[in-house]
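The values are calculated or read from the model by the stated rules, or taken from the named source; none is laboratory data. Keep in mind the model is a prediction, meaning the values are calculated, not measured. For neighbour counting, all protein chains shown are included, and Cβ atoms are generated from backbone atoms with ideal geometry for every residue, glycine included. Heavy atoms of the whole protein, side chains included, go into the accessibility calculation; ligands, DNA and RNA do not. Shrake-Rupley method; radii C 1.70, N 1.55, O 1.52, S 1.80 Å.
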Amino acid sequence: MTHSNPVMDFLLTRRSRPAGALKSPAPEGPALDTLLTAATRVPDHGALVPWRLMILEAPARQRLAALIRERGPVLGIDPAKVAKSAASWENAPLIVAVVASPVPSEKAPELEQLLSAGAVCVSLVNAALAAGWGAAWITGWAAFDRVFMEQGLGLEPHEQIAGFVHLGSCETPPSERPRPDLSAIVSRVGA
């Protein structure tokens, strides 16, 4: 069946924007609320809501950039990587932290809950792109540093970062990149 479907056309051509290319303005108010609402309409077995969102505003991004500069040398991260990471926090128009916050459940194992948090990340990126904003899902080394997570973001010991979604305006169209060859990654399982 072939017919025009704008949603499928979008999904087949979607492309994140480079975080470094994002500029102000970023979505705010009702526009941001719409994106966050769309982002949280993801598979969530048992309606556990095993994630939460943190909107990181400019003062928080500056504070976190300073923490990145402090933590990088302690962790032995290459100074160029530390500088690049800190600059991305300082220059981002807006960052939404998607926090995986699994809850005890007999229905949904923790891995399933973590995957649901990842689905929030991709849904937020897709919602932003569909609405005409630029968006990029990023982690980086700081997303895996417990000190950064707990002292910098106030995460609980059972929580972790699923992703930092950078949002803003972007006039630069992204270049296409190679996509997976389905014949190399798809197999059929019969009886």
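See the values below:
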{"quantity": "Selection within region 36-87 - assigned to a helix (DSSP H, G or I), closer than 20 Å to residue 129 by Cβ and in contact (Cβ under 8 Å) with a residue 12 or more places away in the chain", "calculated": "36, 38, 39"}
{"quantity": "Strands (runs of 3 or more DSSP E) within region 88-191 that include 2 or more residues open to solvent by 90 Å² or more (accessible area, probe 1.4 Å)", "calculated": "none"}
{"quantity": "Single residue of 80, 31, 38, 60 found to be surrounded by fewer than 14 Cβ atoms within 10 Å (Cβ to Cβ) and under 21 Å from residue 164 (Cβ atoms)", "calculated": "80"}
{"quantity": "Close pairs from region 172-191: first within 29 Å of residue 21 (Cβ to Cβ) and among the hydroxyl-bearing types (Ser, Thr, Tyr), partner surrounded by 10 or more Cβ atoms within 10 Å (Cβ to Cβ) and modelled with pLDDT of 90 or more, Cβ under 6 Å, at least 6 apart", "calculated": "172/21"}
{"quantity": "Index of the failed condition, residue 20 passing every other in (1) part of a helix (DSSP H, G or I); (2) closer than 20 Å to residue 160 by Cα; (3) small (Gly, Ala, Ser)", "calculated": "(2)"}
